[in-house]
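First comes the structure, then the notes that go with it.
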Amino acid sequence: MMTAAPDNVIDVRGLTKSFGGRKVVDSFDVQVPRGRIYGFLGPNGSGKTTTLRMICGLLTPDAGEGTCLGFDIVEEAAEVKRRIGYMTQKFSFWEDLSIRENLEFVADLYGLDRRKERVDTALQNLNLVDRQKQLAGQLSGGWKQRLALAACILHEPELLLLDEPTAGVDPKARREFWDEIHRLAAEGLTVLVSTHYMDEAERCHAIIYMSYGRLVTQGTVKDVIRGAGLSTWVVRGQNLMPLARELEAEKAVKTVAPFGDNLHVSGTDKQALEAALKPYFNREGLSWHEAEPSFEDIFIRYMADAQDNFKGAENGNEGDAA
Amino acid sequence: MTTSLFSFRRARAILAKEFIQLRRDTVTLRMIVMIPIMQLLLFGYALNTDPKHLPTAVISQDSSPIARAFVAGLKNTDYFSIDHEPRSEAEATEMLQRGDVLFVVSIPPNFERDLLRGEKPKLLIEADASDPVATSGALSAANGMMDRVLKEELKGTLAPLRPAKPPVELRLHRAYNPEGFTRYNIVPGLIAIILTMTGIMMTALAITRERERGTMENLLAMPVRPLEVMVGKITPYVVIGFVQAAIIVAVAWALFQVPVVGSLWLLAATLIIFITCNMAIGFTLSAAAENQTQAIQMSMMVTLPSIMLSGFLFPFRGMPEWAQVIGNIMPATHFINISRGILLKGSGMAEIWPHVWPLLVFMAAITLIAMKRYRRTLD
């Protein structure tokens, strides 16, 4: 069935997937509206890759249901595959094919018309016309990532699923990559991108935070920061590490994170935090001021929370859940 | 807009990709050509199930003309090379034990006298039968030699001592391979064995390689169907199979004068079926193998029984019933019969049909299994 442009490009509920008796994704719901860029965050092994794979039909969910571009993600996986672009975490194009051959191969598999024209255009956009005969395996990390993106959007998909696309890519290439993503989104492409970088999360229209297979929070970066109800004090001074250990022992302090010469001290109870920190305010060589919590403070707090919650249940390895 | 069931463009794209990758993989390309040539040279020049000129020790305690005629007779069969003359029986036994000789021929004292008296003296040949293949030809030749020598030596007044002529004359006709060359038998079988070995392994590797390099995830995320992947992946190796078969037949014919009696077209037609069987086996194995090492191990597991039980090395009819049943399941068994039939006996379709239909059934069944086992997801 072909529905007319549903509001939510991704609309899945209760997605669950276990590997070897371990629930990697646990009743996960997510809705992504058309034309938006959603950032997908969470610690390693939290189930982000597994979720992306279920959405694009590479894995069959144990439970749950949903649609992607109006097609059922299980029953109509073939239709979903034609209309989305999925960029894997590890470079997964053919290293023993040339850049051009890779693009031509992709064009053929999607049955695209005007193959030569499309591939030529893609090569021009990539600035790789001169190197089109070079083997893909000889490209550097940044170029591989650009090639992968070009190949993923060659068939003009309506949805892009990107799995940590900028891991191991230099800042300039990352900047260019995100400019490209925003340009595509402006043209109506929907993007769900998983990342570990805070600055990238802040470039998204909204973020989804996942931990141990469950949805922790979602919304715009502002909403998420406000929703976390975190208060943060910044302390500047010399020899902060012993102080950090002291502060961690305080009950009202949830996280202590060093940022260069600063320590970010955060807690969920504003008053209790202030009371706990008061004795330190007059210490010599320290300057204190209250600050808006950064997104990273929130992120670290969620990670700490999740670890506390699962410490009892989770014995042993927390492997990267495929 | 729906995804069509089979797209030639997608299958062709996979096919083109495989050819390009293969072209750049020079190690594999060299193996493809070298394996059949190496094997053929080894088997053709080194393997002989009817060995001649075997080391023999003779202890003769009788120096009469008849005793010497017997020794000369053994030499003339070409099977015995009399190069040891031990002085005692103990020394002869030791030679046999050490493996210096394969035969010890003992002629007792007063051999001629006893013969002339009609006392049936005993001529003893001890053989090292620990390798039956090595000695069986020589022993049957020794038997035949006996009659001939007696006929020549017992003349004139001694003629009555000749053995009576048997009332029936036995005539042997070694059809298709009068000289009994082992290589005539080996070469057509070698086509089957080499195609089994390389075919199964290369196909299994072609899929597991994608999984190991992570490109399988990409392939599965794109709208391509299992049958298209299979057709695209298998076709290059069918071509390779043909190249290998052509090399084997050409080298065998040019170097070893192996006769090519039947139709090469018929051989080519059956080759397609046989090669497809092997490719489908490889494809099925690749669904079970996680990485290339496992794929190679699994291919070995399938290939070994094909070498042992197909009648390539040992006579098929000599195997116990249960082994023949297993052998009959394997495509190599049937193709060996087909290629021996066509190349050596000039068989036509009618003669080889009993081996063609099992191949067709096997091909259909294993292709179905391969398609079923092919994983469309990463589950």
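The values are calculated or read from the model by the stated rules, or taken from the named source; none is laboratory data. No experiment lies behind these values; they were computed from the predicted model shown. Using ideal geometry, Cβ is built from the backbone for each residue, glycine included, and neighbour counts are taken over all protein chains shown. Heads up: the accessible areas ignore ligands, DNA and RNA and are worked out on the full protein's heavy atoms, side chains in. Shrake-Rupley method; radii C 1.70, N 1.55, O 1.52, S 1.80 Å.
Data table
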{"item": "Nearest-0.05 FRET efficiency for B:M38 and A:F19, computed from C-beta distance (R0 35 Å)", "result": "0.20"}
{"item": "Convex hull of Cα atoms in the stretch B:1-65, direction-averaged projection (nm²)", "result": "10.4"}
{"item": "R0 of 22 Å, Cβ-Cβ distance B:N328-B:R373: FRET efficiency to nearest 0.05", "result": "0.40"}
{"item": "GNM flexibility winner over chain A from A:G39, A:G137, A:G20 (Cα, springs under 10 Å)", "result": "A:G20"}
{"item": "Minimum 40 Å² accessible area buried by the other protein chains, the stretch B:192-238 residues, probe 1.4 Å, relative to alone", "result": "B:R213, B:T215, B:E217, B:N218, B:A221, B:M222, B:P223"}
{"item": "Probe 1.4 Å, protein heavy atoms only - accessible area per residue of the protein assembly as shown in square angstrom", "result": "49"}
{"item": "Segment B:T26-B:V361, extension gain: residue separation times 0.36 nm, minus the distance between their alpha carbons", "result": "117.1 nm"}
{"item": "Most to least packed among A:263-271, B:228-236 [average Cβ atoms within 10 Å]", "result": "B:228-236, A:263-271"}
{"item": "Residue-averaged 222 nm ellipticity for chain B, from DSSP H runs of 4+ at -39500 (n - 2.57), nearest 500", "result": "-22500 deg cm²/dmol"}
{"item": "Descending semi-axes in whole angstrom, ellipsoid equivalent of the stretch B:71-220, from the Cα gyration tensor", "result": "55, 22, 10"}
{"item": "Chain A: proportion of alpha-carbon pairs further apart than 25 angstrom, %", "result": "57"}
{"item": "Entries in A:K48/A:K172; A:K17/A:K90; A:K48/A:K278; A:K172/A:K222; B:K165/B:K345 that, when Cα-Cα distance is taken, lie over 32 Å", "result": "A:K48/A:K278; B:K165/B:K345"}
{"item": "Packing-based order for B:296-309, B:18-31, using average beta carbon neighbours within 10 Å, highest first", "result": "B:296-309, B:18-31"}
{"item": "Equivalent ellipsoid semi-axes - Cα gyration tensor, the stretch A:86-150, angstrom", "result": "17, 14, 10"}
{"item": "Convex hull volume per residue for the protein assembly as shown, taking Cα atoms only, in Å³", "result": "250"}
{"item": "Fraction of beta bridges assigned by DSSP in the protein assembly as shown that are antiparallel (%, nearest 5)", "result": "60"}
{"item": "Ratio Rg/Rh, restricted to the stretch B:262-359 and using Cα atoms, in which Rh is the Kirkwood radius", "result": "1.02"}
{"item": "Gain on full stretching of the segment that runs from A:Q31 to A:K278 - 0.36 nm per residue minus C-alpha separation", "result": "84.6 nm"}
{"item": "Extension reserve of the B:N48-B:K151 stretch, reckoned as 0.36 nm per residue once the Cα distance is removed", "result": "33.9 nm"}
{"item": "Accessible area buried between chains A and B, both sides summed, probe 1.4 Å, in Å² to nearest 100", "result": "2800"}
{"item": "A:Y38 accessible area, assembled protein chains, probe 1.4 Å, Å²", "result": "30"}
{"item": "Cα-projected label distance for A:T217 with B:D100, points at 7 Å along beta-carbon direction, nm", "result": "9.5"}
{"item": "Order by protection proxy (mean Cβ within 10 Å, highest first), peptides B:246-257, A:223-234", "result": "A:223-234, B:246-257"}
{"item": "B:N76-A:S287 pseudo-label distance in nm [points 7 Å out on the Cα-to-Cβ vector]", "result": "12.1"}
{"item": "Shielding score for A:99-111, defined as the mean number of other chain Cβ atoms within 10 Å", "result": "5"}
{"item": "Complex-versus-alone comparison for the stretch A:42-78, residues with a loss of 10 Å² or more in accessible area, probe 1.4 Å", "result": "A:R53, A:G57, A:L58, A:L59, A:T60, A:A78"}
{"item": "Estimated 222 nm signal from helices in chain A, with DSSP H stretches of n ≥ 4 weighted -39500 (n - 2.57), rounded to 500", "result": "-10500 deg cm²/dmol"}
{"item": "Carbon/sulfur fraction of accessible area - the protein assembly as shown, other protein chains in place, 1.4 Å, %", "result": "56"}
{"item": "Scaled radius of gyration (Cα, divided by 2.2 N^0.38 Å) that chain B gives", "result": "1.36"}
{"item": "Proximal aspartates and glutamates relative to A:K116, as straight alpha-carbon distance under 15 Å, when same-chain residues fewer than 8 apart are discounted", "result": "A:E101, A:E104, A:D108"}
